[in-house]
Amino acid sequence: MHPIQKFNGKARGASCRKMLNWAMAHPAKAAARQIDADEARIREIVQFTARSLETAHPVPFGALIVNTHTNERLLRATNAVMRENDPSAHAETRTVRLACKKLKRPSLAGYTMYSTCEPCAMCMANALWARLDRVVYGATIEDANRHVLQIHIPAKEVARRSDMRCKVEGPVLRDLCNTLFTHPNMQQAFRKWNSRKP
């Protein structure tokens, strides 16, 4: 049995093969389609994350996981560090945890993560352990560091130094993602976050 059929089932396997054959025959068109799909998913997670800006716990960090082959959404979540008093509750880490629970398995092979911001070293390592195919991000670590503390290790560097393979792409729609950080309610929240004692 072909690996695609084994993973996606017989009917989806055939359509995936057709998509792969078309992409191999038309690489420029396939690349343009991928860019369009990536931008659409970044816009989606920005809109989802922006809803938090009108709540008591605004956050600029959101993540979304979709099936790499079908682009079907699996799960999305936002950062909950302050809400849950959990320093590991970053958007990417939470999304991976929730997605794995939903699938009832520890692997997200066959899935892509979209994030409003470049994953920190912890989140990128988590994405690698989850075996995600791709990670696509909007704002950069440097962008986030204008507002909050960061670990200055690029996500691509974490992936490059790993035994696990994961394609890291970004920034995508960087300016749009940065609007989450500059929103007045978010700026007010940052002032509170930064005034807390360690």
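Annotation note: of 116, 112, 70, the sole residue that is surrounded by 18 or more Cβ atoms within 10 Å (Cβ to Cβ) and in contact with a Lys or Arg (Cβ under 9 Å, 6 or more places away or on another chain) is 112. Applying the set (1) surrounded by fewer than 15 Cβ atoms within 10 Å (Cβ to Cβ); (2) touching a residue at least 60 places away in the same chain (Cβ under 8 Å) to residue 169 leaves exactly one unmet item: (1).
Going by the structure shown, is residue 127 small (Gly, Ala, Ser), open to solvent by less than 20 Å² (accessible area, probe 1.4 Å), within 21 Å of residue 52 (Cβ to Cβ) and without any contact (Cβ under 8 Å) to a residue 40 or more places away in the chain? So residue 127 fails the test.
Confirm whether residue 78 is in contact with a strand residue (DSSP E or B) (Cβ under 9 Å, 6 or more places away or on another chain) and either among the β-branched types (Val, Ile, Thr) or surrounded by 15 or more Cβ atoms within 10 Å (Cβ to Cβ) (or both). Yes; evaluated as a whole, the condition is true for this residue.
The values are calculated or read from the model by the stated rules, or taken from the named source; none is laboratory data. Remember, it's a predicted structure, so these values are computed and weren't measured experimentally. Quick reminder, even Gly has a Cβ in these numbers, built from the backbone with ideal geometry, and neighbours come from all protein chains shown. The protein model used for the area step is the full one, side chains on, heavy atoms only, and it has no ligands, DNA or RNA in it. Shrake-Rupley method; radii C 1.70, N 1.55, O 1.52, S 1.80 Å.
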